[in-house]
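See below for the structure under consideration.
The values are calculated or read from the model by the stated rules, or taken from the named source; none is laboratory data. Because the structure is a prediction, the values reported are computed rather than measured. Every residue, glycine among them, receives a Cβ derived from its backbone with ideal geometry; neighbour counts consider all protein chains shown. We work out accessible area using only protein heavy atoms, side chains counted, and drop any ligands, DNA or RNA first. Shrake-Rupley method; radii C 1.70, N 1.55, O 1.52, S 1.80 Å.
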Amino acid sequence: MITLESKAPAGKLQDKWTTHKFNMKLVNPANKRKYDVIVVGTGLAGASASATLAELGYNVKTFCYQDSPRRAHSIAAQGGINAAKNYQNDGDSIFRLFYDTIKGGDYRAREANVYRLAEVANNIIDQCVAQGVPFAREYGGLLDNRSFGGAQVSRTFYARGQTGQQLLLGAYSALNRQIGLGKVKMFPRREMLDLVVVDGQARGIVVRNLITGEIEKYSAHAVVLATGGYGNVYFLSTNAMNSNATAVWRAHKKGALFANPCFTQIHPTCIPVHGEYQSKLTLMSESLRNDGRVWVPKKAGDKRPANQIPEAERDYFLERKYPSFGNLVPRDVASRNAKEQCDAGKGVGDTGLAVYLDFADAIKRLGRKAIDEKYGNLFQMYQMITNEDPYEVPMRIYPAIHYTMGGLWVDYNLMSSIPGLFVLGEANFSDHGANRLGASALMQGLADGYFVIPYTLGNYLASNKFSQVSSDHAAFSDVENGIRGFVERLLSVKGNKTVDEIHRELGKVMWSHVGMARNAEGLKTAITQIGKLREEFWSNVNVTGSAGDLNQTLERAGRVADYLELGELMARDALHRNESCGGHFREEYQTEENEAKRDDENFSYVAAWEFNRVGDWTLHKENLVFENVKPSQRSYK
Amino acid sequence: MSGNLNLTLKIWRQANRTSIGKFETYKVSNISTDASFLEMLDILNEELQRKNQEPVAFDHDCREGICGACGLVINGRPHGPIKGTTTCQLHMRHFKDGDTIVIEPWRAKAFPVIKDLIVDRSAFEKIQQAGGFVSINTGGVPDANAIPISKEIANIAMDAAACIGCGACVAACKNASAMLFVSAKVSHLAHLPQGKVERFERVEAMVKVMDELGFGSCTNTYACEAECPKEISVRHIAKMNREYFAAKLKARNKD
Amino acid sequence: MGWVTRAISSSLGKKYIMALSGLFLVIYLVIHLFGNTFLYAGKDAFNLYVETLTESSLKPVIRVIEVVLLLGFLIHIYDGIRLTIGNWSARPNRYAVKPANPQSTAASRTMWLTASIVFFFLVVHLQQFWYTYHYGRIPGVTMYDIVVGTFRDPLYSLIYLISVLLLGFHLYHGFQSSFQSLGLNHPKYRSLIVIFGRIYAVVIAVGFASFPIYFYLMGGK
Ligand SMILES: Cc1cc2nc3c(=O)[nH]c(=O)nc-3n(C[C@H](O)[C@H](O)[C@H](O)COP(=O)(O)OP(=O)(O)OC[C@H]3O[C@@H](n4cnc5c(N)ncnc54)[C@H](O)[C@@H]3O)c2cc1C
Ligand code: FES
């Protein structure tokens, strides 16, 4: 029986991390080089962790599926990163950042974790500046800030519309330095396909070399997963095409609990879907809501072009419904409202599945140049994709899957339920509860990698005994054989459907029933349909090419096989959670004003699922205790 | 605005690093002008798979023009005909019905082909590992606002830092030179006070490794700047030339 | 001095050498052109100019300059060959579709070609004038006579004409390129350098081209 201990230290909220840091064991500098650590993933979380652990002296082996660590999906983050520097003198503080984040998450996150996140956020900004990250600056030479959803202070640091890129290149540069020094051994174009557990401890991984197709085994004293989110279950999402759940899912199947899988974030401002061939969705950064105003025509079915709809006949619904936060309400709220308007027939564009994001006022007020400076690359990207000029006509936007709050369950030390398996960044479930605020994923990834894991991993290594385990150990060959069998099975189906066809169908099921609004009946339908799709996949998929070669179809097939299992768990989790909170909106549970209605009495817990076999999971609960904030109905009015 | 295209594609197919590649001709029909170039290739690949043939391998990930994974030479131009665009952001509305499109991989000694349209860009990694960083560890750094940096300088640094490492500069250069890529990092860091501290060591180390990897030299044709999807200026190359010159004259080491 | 050789054999070092030797030759060309304009001042003036350089007490100085000049050429040529070979081998497999690059100038893409042609011309040119004057001349024949005689030959004049035009083409790119190689590219002055370089290239090309035209077509005496 698994017991879920958060391991959050006792004491005052403000002192927990400091006390914990003091209480944790240290590894003597000379001994650090005797420990091997595997890090999977080179996004913000993985790159920062690899670099920092190597700086401390550990031998790090780092893996990513791309040809370069710099291409991890974090590179695509646009808008910014939060910190409570209060440089703007607008009343920010660590406590306020903590409060906003936990409230934004609809009170479904652990207080201690979120507070620690807010606490180290300031160090992140310092660290990045020291690395040479070219954040936006004011004329006086000091750092500039912008506002993001769910906050009434300006605390978001940014580098044009490429914040994720610049932060990742910073972490990548630190990683490169360690690779150059020989402390990190970098393994690009490797996909982790399984975890190796020896004597109950995570001791290694098995990967596929994506160029040669060889199955390779690597051992270590601890394994860190920083493999990002699982938004691609939905086929269409803002995630990179190859972002996947394989690493966390295979770890889950080895015993790591999966927490809150149904907490997915739908981002309100994405470029709408325009065709069946579409391969992914493109995000328009939340920062645009600083200056853009969201509206639809007041009259349903009004198909006039935007500029022919007079002011009086426009409904700026966010400003109307939420006067104090206006266009900057959190994402879940903005998304749901957009959907509501479209459901009411007020959607715009060919498909009617879009609302306007209008910059006309901002351009009038600030001038085109100022807007260009702030959002130039986003406007350009919009025009490239839609062939419309957002300086002239309002953008059309629609919500899309963007981020997954759920992930592998971890304790305060970021260790999963498998000893020695740590999970960082979007891959874990830890800090965002049921909804993540903008600009806080970057913050979390770097907090985990730069400032948390170096301490907690050391503590783990110092407090445990390790038997001699190399990749020749029998456990490794067992796992390897399993993988070979799996790959062979995929290649031998030789059916009639392509991997993408089945993935696309799964995406439709997920979006219709486990998307922005869910209900019990739809979720049950989803579970059945996913089961069927899974059967179809294993009896009718066609994976071309061979195992011993660069084979992108095979790569995708393995990932889709996992989505077909994970999708079901997401639906089951959504079905069991009979409340609405954050990104999880159950139509049966809403207030009279159609806002999410939480049920703190029955659902104030983290749902952590234990894998028994495909289609069968056991639920474990970690109760959430709120000592410092009082969960209340979220209001952004 | 949207319409449909029928196209002839001539695509480079090469089984692996050592095999000899050749062009294969394919036809695709009914491609929406709103589709992206890679979505057009997706459609081709779906068709190939249905016919039990191996799909065309090409690198891609973000499909938002930022990860730098994608990169095809389309009718002789890296990332295709539109300025300031990556292959993944190129849309089919820029082609005409009936067009023949020739698709090749980046070609350079330093970027050997791995399969079809995928090349090995690990040479870029080695250059970055040699010096593309500020040598500081995590922790112990000053407050972010401790050193003011003028907006102008921060902007120049950002212009250089916008490089996505796709390799189009090498692909476009008649000498397959990596100068724009390397200089983007050198210039980014050399402009900032944080990077100035070890500017000489950095530029010397990065140029040394660049030279060892088989890239050509810059002859200032500026094709790189024209094809760079992020429109990085050759002014950064001049900056690197200056930095290296200064390093050779002033640095006390005798390397 | 190992660091010096290492510095100048790096890819950037080669560029510095290319640029510096190029700029040196750029200056030389101006002087050469200036000297040649004495041709327009008539036989005596030109011969006086030539004799001042070759027969007077300036002679040893000029010899030294000639050696330096030769070195300048040799370095420029040697460095150019090194660069070109390296650059060719950096792309062993060519593209099927020749890149049609909108920004790079034809001059920039054909530097090695214009250089090679100009080089062969240079050999002929030296043989024709310098060698003939110093070692192959019938006593009494002046430099002016040699020049005029040579330009009466339509073939030579044509070769001369084409070569100096190609030289101009070479300079059209080379002038601004050397500044870029030396790192002198400032947003404020860059266009000045480019424009000046282009004017310079035209002046040199037209200036030298005027001699065969003048002597051949205009029937210069
Ligand atoms: C378009 C977009 C814009 C965003 N903008 C913002 C923003 O403005 N602010 C903000 O705070 N957040 C933003 N986010 C969210 C944020 O970018 C991500 O949550 C965050 O970057 C995730 O970082 P990570 O390190 O956890 O994982 P990732 O960056 O996703 O990295 C995953 C890594 O794991 C590797 N990997 C994955 N699976 C395997 C495997 N099986 N084997 C080997 N390696 C594997 C990959 O190669 C990669 O290196 C945005 C997200 C998107 C999609
Ligand atoms: S796929 Fe990322 S830049 Fe094109």
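Consider residue A:149 against the criteria (1) in contact with a Leu (Cβ under 9 Å, 6 or more places away or on another chain); (2) within 8 Å of chain B (Cβ to nearest Cβ): it satisfies all of them except one. Which criterion is unmet?
The number of the failed condition is (2).
Which number in (1) open to solvent by 10 Å² or more (accessible area, probe 1.4 Å); (2) within 16 Å of ligand 2 (Cβ to nearest atom) marks the one condition that residue B:113 misses?
(2)
Can you name the residue in region B:59-81 that is at the interface with another protein chain (Cβ under 7 Å from one of its Cβ atoms) and of a type in the set (Val, Ile, Thr) and is also least open to solvent (accessible area, probe 1.4 Å) among such residues?
Selected residue: B:73.
Identify, please: which residue in region A:6-21 is open to solvent by 30 Å² or more (accessible area, probe 1.4 Å) and among the aliphatic types (A, V, I, L, M) and is, among those, farthest from residue A:455 (Cα to Cα)?
If we take residues in region A:6-21 being open to solvent by 30 Å² or more (accessible area, probe 1.4 Å) and among the aliphatic types (A, V, I, L, M), then A:10 is farthest from residue A:455 (Cα to Cα).
List the number of the failed condition for residue A:71; all other conditions in (1) surrounded by fewer than 24 Cβ atoms within 10 Å (Cβ to Cβ); (2) farther than 16 Å from residue A:442 by Cβ hold.
(1)
When only residues in region A:22-51 that are assigned to a helix (DSSP H, G or I) and within 16 Å of residue A:460 (Cα to Cα) count, which is least open to solvent (accessible area, probe 1.4 Å)? Can you show your working first?
Our first condition is that a residue be assigned to a helix (DSSP H, G or I); within region A:22-51, this holds for A:22-23, A:29-32, A:44-51.
Subset that is within 16 Å of residue A:460 (Cα to Cα): A:22-23, A:29, A:31-32, A:49.
Details: A:22: 169, A:23: 107, A:29: 103, A:31: 56, A:32: 29, A:49: 0 Å².
Only one residue tops the list, namely A:49.
How many residues does region B:119-153 contain that are among the charged types (D, E, K, R), assigned to a helix (DSSP H, G or I) and over 30 Å from residue B:109 (Cα atoms)?
Taking region B:119-153 and keeping what is among the charged types (D, E, K, R), we get B:120-121, B:125-126, B:143, B:151-152.
After this cut, where a residue has to be assigned to a helix (DSSP H, G or I) as well, the list is B:125-126, B:151-152.
Applying the additional criterion that residues be over 30 Å from residue B:109 (Cα atoms) yields B:151-152.
Summing the residues that are among the charged types (D, E, K, R), assigned to a helix (DSSP H, G or I) and over 30 Å from residue B:109 (Cα atoms) in region B:119-153 gives 2.
For region C:129-150, check the following and say yes or no: at least one residue is exposed (fewer than 15 other Cβ atoms within 10 Å of the Cβ) and either among the basic types (Lys, Arg) or within 9 Å of chain B (Cβ to nearest Cβ) (or both).
Yes, region C:129-150 has at least one match.
Test each condition in (1) open to solvent by less than 40 Å² (accessible area, probe 1.4 Å); (2) within 19 Å of residue A:113 (Cβ to Cβ) for residue A:630 and report the one that comes out false.
(1)
Sort through B:220, B:175, B:155 and tell me the only one that's more than 28 Å from residue B:58 (Cα to Cα) and open to solvent by less than 30 Å² (accessible area, probe 1.4 Å).
Going through B:220, B:175, B:155 in turn, just one is more than 28 Å from residue B:58 (Cα to Cα) and open to solvent by less than 30 Å² (accessible area, probe 1.4 Å): B:220.
Among the aliphatic types (A, V, I, L, M) and touching a residue at least 60 places away in the same chain (Cβ under 8 Å) - does that describe any residue in region A:532-544?
Here is the first cut: in region A:532-544, the ones among the aliphatic types (A, V, I, L, M) are A:533, A:541, A:543.
After this cut, where a residue has to be touching a residue at least 60 places away in the same chain (Cβ under 8 Å) as well, the list is none.
Looking for residues that are among the aliphatic types (A, V, I, L, M) and touching a residue at least 60 places away in the same chain (Cβ under 8 Å), one finds none in region A:532-544, hence no.
This table checks each residue for (1) away from ligand 1 (no atom under 14 Å from the Cβ); (2) closer than 23 Å to residue A:432 by Cβ; (3) in contact (Cβ under 8 Å) with a residue 24 or more places away in the chain.
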position	(1), (2), (3)
A:64	no, no, yes
A:70	no, no, yes
A:74	no, yes, yes
A:93	yes, yes, no
A:105	no, yes, yes
A:111	yes, yes, yes
A:115	yes, yes, yes
A:128	no, yes, yes
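Scan region C:132-147 and report the pairs whose first residue is within 19 Å of residue C:212 (Cα to Cα) and whose second residue is among the small types (Gly, Ala, Ser), with Cβ atoms within less than 6 Å and a gap of 6+ or a chain change.
Close Cβ pairs satisfying both conditions: none exist.
Would you please list the contacts, defined by Cβ atoms under 8 Å and residues six or more apart or on different chains, that run from a residue in region A:434-448 that is under 12 Å from residue A:116 (Cα atoms) to a residue that is among the basic types (Lys, Arg) and in a helix (DSSP H, G or I)?
Hits for this filter: A:447/A:116.
Applying the selection to region B:45-74, what residues are within 16 Å of ligand 1 (Cβ to nearest atom) and of a type in the set (A, V, I, L, M, F, W, C)?
B:62, B:66, B:67, B:69, B:70
Among helices (runs of 4 or more DSSP H) lying entirely in region A:306-378, which contain 1 or more residues that are surrounded by 20 or more Cβ atoms within 10 Å (Cβ to Cβ) and either out of contact with any Pro (no Cβ under 7 Å at 6 or more places or on another chain) or of a type in the set (Phe, Trp, Tyr) (or both)?
A:317-321, A:331-343
Identify all residues within region C:170-188 that are within 17 Å of the chain's Cα centre (by Cα) and facing another protein chain (nearest Cβ under 7 Å); write none if there are none.
C:177
When you go through A:625, A:514 one by one, which is the residue that is of a type in the set (A, V, I, L, M), under 28 Å from residue A:106 (Cβ atoms) and open to solvent by 50 Å² or more (accessible area, probe 1.4 Å)?
So the residue among A:625, A:514 that is of a type in the set (A, V, I, L, M), under 28 Å from residue A:106 (Cβ atoms) and open to solvent by 50 Å² or more (accessible area, probe 1.4 Å) is A:625.
Just wondering, is there one or more residues in region B:25-40 that are open to solvent by 10 Å² or more (accessible area, probe 1.4 Å), closer than 26 Å to residue A:502 by Cβ, in a loop (DSSP other than H, G, I, E, B) and in contact with a strand residue (DSSP E or B) (Cβ under 9 Å, 6 or more places away or on another chain)?
The answer is yes, given that some residue of region B:25-40 is open to solvent by 10 Å² or more (accessible area, probe 1.4 Å), closer than 26 Å to residue A:502 by Cβ, in a loop (DSSP other than H, G, I, E, B) and in contact with a strand residue (DSSP E or B) (Cβ under 9 Å, 6 or more places away or on another chain).
Report the residue count in region B:41-58 for those that are open to solvent by 10 Å² or more (accessible area, probe 1.4 Å), more than 7 Å from chain A (Cβ to nearest Cβ) and within 25 Å of the chain's Cα centre (by Cα).
1
Please verify whether region A:540-562 includes one or more residues that are assigned to a loop (DSSP other than H, G, I, E, B) and either β-branched (Val, Ile, Thr) or under 30 Å from residue A:12 (Cβ atoms) (or both). Reasoning before the result, please.
Within region A:540-562, the first condition is being assigned to a loop (DSSP other than H, G, I, E, B), and the residues that meet it are A:542-551.
From what is left, the residues that are either β-branched (Val, Ile, Thr) or under 30 Å from residue A:12 (Cβ atoms) (or both) are A:543-544.
Scanning region A:540-562 turns up at least one residue that is assigned to a loop (DSSP other than H, G, I, E, B) and either β-branched (Val, Ile, Thr) or under 30 Å from residue A:12 (Cβ atoms) (or both).
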